[in-house]
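Some notes on the structure that comes next.
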Amino acid sequence: MIRFHHLSVVFFSMTIMFAPAAHSQSLKAEDAHVKDKFIVVKSVEAPSEGWLVAHKGGGGQPGKIVGSVMIKPGSNTEVRIPVTGTLDHGPNAVIILMMHEDAGTKGTFDASEDKPTMQDSKPVMAEVIIE
């Protein structure tokens, strides 16, 4: 009986130890280019459903918003973000893709209501070079 109780405690401790990793949020994106009036990202791995927002980039800091699109959690391929602002996309231009919650009017992006998704007090984002 004591041995069984001990195993239960160990199992419970292991569950707690692994729980934070399951809730970890990250955004991965690769191979972006501009086609027509869209930023096309070959692959986006998103932690949750929400808005994928494209910001002008530079120095690792997000700048002005240049487009947004709703994406699903998990793997998204050939994501087409309509460009709503001006985008300088010369060689090695950088954009920052940032996850935003769909907190305001559902299905409509509003930067004042749909705030960035946060992890450890930092926005969930990825820097991508436009080819």
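The values are calculated or read from the model by the stated rules, or taken from the named source; none is laboratory data. All values derive from a computational prediction rather than experimental measurement. Ideal geometry is used to build each Cβ from the backbone, glycine not excepted, and the neighbour counts take in all protein chains shown.
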Counted residues, segment 114-131 - those being more than 14 Å from P47 (Cα to Cα) and hydrophobic (A, V, I, L, M, F, W, C): 3
Could you list, in sequence order, the residues of segment 29-42 that are more than 18 Å from F109 (Cβ to Cβ), surrounded by fewer than 21 Cβ atoms within 10 Å (Cβ to Cβ), in contact with a strand residue (DSSP E or B) (Cβ under 7 Å, 6 or more places away or on another chain) and modelled with pLDDT of 85 or more? H33, V34, V40, K42
Before we move on, is G74 at negative phi, free of Cβ contacts under 8 Å to residues at least 40 places away in the same chain and not acidic (D, E)? no
